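Below is one structure, written out as structure tokens; the observations come after it.
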Amino acid sequence: MLDALTTLPGGLLLATFAGLSIPLGAALSRVPTLLPGWSTEEYRHGVTAFGGGALASAICFVLVPEAADRLPAALLVALFIAGGLLFRLIDAALEKRGGAGSMFMAMLLDYLPEALALGAILMINPAAALLTAALIFLQNVPEGFSAWREMEHAHTIPTSRLWLLFALTVPLGPLCAWIGRDILAEANLMLGSILALAGGGILYLLFEDIAPEAQIKGSTRPALGAVLGFALGLAGHLAIG
């Protein structure tokens, strides 16, 4: 079965599975609460924090380590900083236009480079690729939840178009996996640069927009979501080895 993942159809199917969790997370955001004893607001802020913790784990265990394997240290640090600066400019431009989408940007910054990395390791270690896809799936659910909630609350995009936007993220995963498998697997400098830029951009968005959004006055429960989200990434990292 693992050998089938090294084929192009197998890799594309794996990446599609990972991407389906984004609209799934969006759908779950419409459920009042799944956690007994939590208020609706605590639940939603908790899932946002969980997504933030998962994003932090992606930086620590996927994006930076994979970039470090491909780039000289000085270039890695420079590109990581450049990613933060780049997304500061993008975030400021969105803010000026009154748009919302920081969590959506962070989700794509996490999902697409990880899909590239997924494609790149398919030929090297199918078992690691399978676990990576499962981890991406689990990370994308709370990220899709929070991104939908943020954009729906802003009322800048009609709901029907918002569903279309989230559905269109699904085929982006297989596209990136194909690029990673057939184009970037041997292009270490380019793939490493993309991963480093994404890591810096996510870290900026995490502290500027996502972490403040996860807080709720009078309750410390949502902060536990960040711990659980990071623990998810840690468990996946240890499983992959």
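If you go through region 151-178 and keep only what is open to solvent by 50 Å² or more (accessible area, probe 1.4 Å) and either of a type in the set (Val, Ile, Thr) or under 25 Å from Leu85 (Cβ atoms) (or both), you end up with Thr156, Ile157, Thr159, Leu172. Pairs are defined by a Cβ separation below 7 Å, a sequence spacing of at least 6 or placement on different chains, a first member in region 173-186 that is more than 22 Å from Leu20 (Cβ to Cβ), and a second member that is assigned to a helix (DSSP H, G or I); the pairs so defined are Leu184/Leu116; Leu184/Ala120; Leu184/Met190; Leu184/Leu191; Ala185/Ala120. For Ser146, the conditions (1) open to solvent by 40 Å² or more (accessible area, probe 1.4 Å); (2) in contact with a Ser or Thr (Cβ under 9 Å, 6 or more places away or on another chain); (3) under 23 Å from Leu228 (Cβ atoms) all hold with the exception of (1). Those residues that are at pLDDT 80 or above and of a type in the set (Val, Ile, Thr), I need them from region 199-215; list them, please. Result: Ile202, single match.
Against the criterion of being in a loop (DSSP other than H, G, I, E, B), within 26 Å of Ala82 (Cα to Cα) and open to solvent by 30 Å² or more (accessible area, probe 1.4 Å), Glu186 qualifies. Please indicate, with yes or no, whether at least one residue in region 104-122 is over 19 Å from Ala58 (Cα atoms) and open to solvent by 30 Å² or more (accessible area, probe 1.4 Å). No, there is no match, as no residue in region 104-122 is over 19 Å from Ala58 (Cα atoms) and open to solvent by 30 Å² or more (accessible area, probe 1.4 Å).
Taking each residue of region 130-157 that is basic (Lys, Arg) and looking for partners that are in a helix (DSSP H, G or I) with beta-carbon atoms closer than 7 Å, six or more apart or interchain, yields Arg149/Arg44. For region 196-240, a residue qualifies if it is touching a helix residue (DSSP H, G or I) at 6+ places or on another chain (Cβ under 6 Å), of a type outside the set (A, V, I, L, M, F, W, C) and outside any helix (DSSP H, G or I), and exactly one does: Ser219. With respect to (1) more than 14 Å from Thr16 (Cα to Cα); (2) part of a helix (DSSP H, G or I), the lone exception for Thr156 is condition (2).
Checking each residue in region 29-49 for being open to solvent by 50 Å² or more (accessible area, probe 1.4 Å), modelled with pLDDT of 70 or more and farther than 21 Å from Ala211 by Cβ picks out only Arg30.
The values are calculated or read from the model by the stated rules, or taken from the named source; none is laboratory data. Note that the structure is predicted; figures quoted are calculated from it, not measured. Cβ: placed from backbone, ideal geometry, glycine included. Neighbour counts: every protein chain shown. Surface accessibility is based on the protein's heavy atoms, side chains included, excluding ligands, DNA and RNA. Shrake-Rupley method; radii C 1.70, N 1.55, O 1.52, S 1.80 Å.
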